[in-house]
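I have placed the structure first, in the form of structure tokens, so that the comments after it can refer back to it.
Where a number appears in this text, it was derived from the coordinates with a stated rule and is not lab data. Model, not experiment: these values are computed from the prediction. All Cβ positions, glycine included, derive from the backbone under ideal geometry; neighbour counts span all protein chains shown.
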Amino acid sequence: MYAPPAPPADFGGWYLRGDIGMTNQSAKRIESSLPAGYSKTTEGLGFDSSPLFGLGVGYRFNNWFRADVIGQYRGKANLHGSDNVVGPGFVGVNNYTGSKSEWLVMANAYVDLGTWWCVTPFIGAGVGGSYNKISGFRDDGVSYNPLLNNSVAYFADNGKWNLAWAAHAGLAYKVNPGFTVELAYSYMNLGDAAPGNYRLFDNSASGPTSIKIKDITSHDVKLGVRWDLNSPPAYMPPPLVTKG
């Protein structure tokens with residue numbers, strides 16, 4: 001007769017991962033300094049979608065918990081928005097254009113919630129840093145005071161590191177013991193961004209800018225793969241024992 005098989009044990013080990021996906025980004029507001037007595041409202045502030053690409057290495061501690069460290073490039077997303085500026089005898093509009101990209105480094109932890117028919121739902125969270133770069137930023141301003149005046153300012157490219165954090169959820173499908181495919185959603189908080197020094201179109205003025213793009217967030221959808229570097233050996237039944 002056969003001896004009964006041992007119960008399956010939790011298995012841990014190293015894995016590599018890769019991801020591709022799309023971002024859906026937004027920002028809370030554009031900050032800039034104004035003279036006393038002036039106010040502004042921001043309209044239409046947002047970004048186009050952009051691709052993202054990521055690589056990482058992780059460790060599965062058991063069947064329920066794993067963690068990884070990733071590096072991610074988030075491609076250029078076109079920026080658009082405007083400020084309506086109102087002051088004493090003054091009405092003006094500043095139209096902003098440019099693009100934004102990021103390099104992201106993040107440590108993540110995940111809880112796998114059980115497996116049904118090779119599909120494992122999971123949740124997770126992460127924290128790290130995001131290098132947010134603004135490129136090709138331009139401010140086209142139109143004012144009425146009371147005559148029409150045009151003003152165009154160009155800004156140098158500029159990047160800065162910010163604290164970033166994320167929340168994750170998704171489904172993982174185990175194709176074989178060493179290969180898993182993921183479909184995941186991530187909410188990303190990427191911090192702030194700012195263009196570099198400005199220069200008016202006629203070189204009549206230049207210098208540091210007070211413009212800041214605040215509270216950048218993104219809803220990401222990703223397709224990922226994981227390669228286990230030391231997948232568990234296949235179960236081998238014990239030899240048949242008979243009584244002579």
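For the reader, a short list of remarks on this structure follows.
- Modelled spin-label separation between residue 107 and residue 183, with each label point placed 7 Å from Cα along the Cα-to-Cβ direction: 3.2 nm.
- Net dipole in debye of region 18-228 [+1 Lys, Arg Cβ; -1 Asp, Glu Cβ; about Cα centre; nearest 20]: 220
- Of the labelled figures (i) 21.2; (ii) 19.6; (iii) 17.9, only one reflects Kirkwood radius over Cα pairs in Å as derived from the coordinates, namely (i).
- Reciprocal of mean inverse Cα separation for region 99-212 (Kirkwood radius, Å): 17.7
- With contacts taken as Cα pairs under 8 Å at a separation of at least 6 residues, the chain carries a relative contact order of 22 percent.
- Built amide H within the under 5 Å cut-off of residue 191, gap 5+: 216
- Virtual paramagnetic centre 7 Å along Cα→Cβ of residue 230, amide N under 20 Å, in region 66-83: 66-69
- Placing +1 on each Lys and Arg Cβ and -1 on each Asp and Glu Cβ, with no other charges, gives region 37-144 a dipole about its Cα centre of roughly 260 debye.
- Shape analysis of region 29-148 based on the Cα gyration tensor places the equivalent ellipsoid semi-axes at 46, 15, 13 Å, largest first.
- Region 68-157: chymotrypsin sites (Phe, Trp or Tyr not before Pro) in DSSP coil with no more than 14 other Cβ atoms inside 10 Å: 117
- Residue of 174, 100, 222 that the Gaussian network model of the chain assigns the largest fluctuation, springs spanning Cα pairs under 10 Å: 174
- At full extension, residue 28 and residue 219 could sit 67.4 nm farther apart than now, given 0.36 nm per residue minus the alpha carbon distance.
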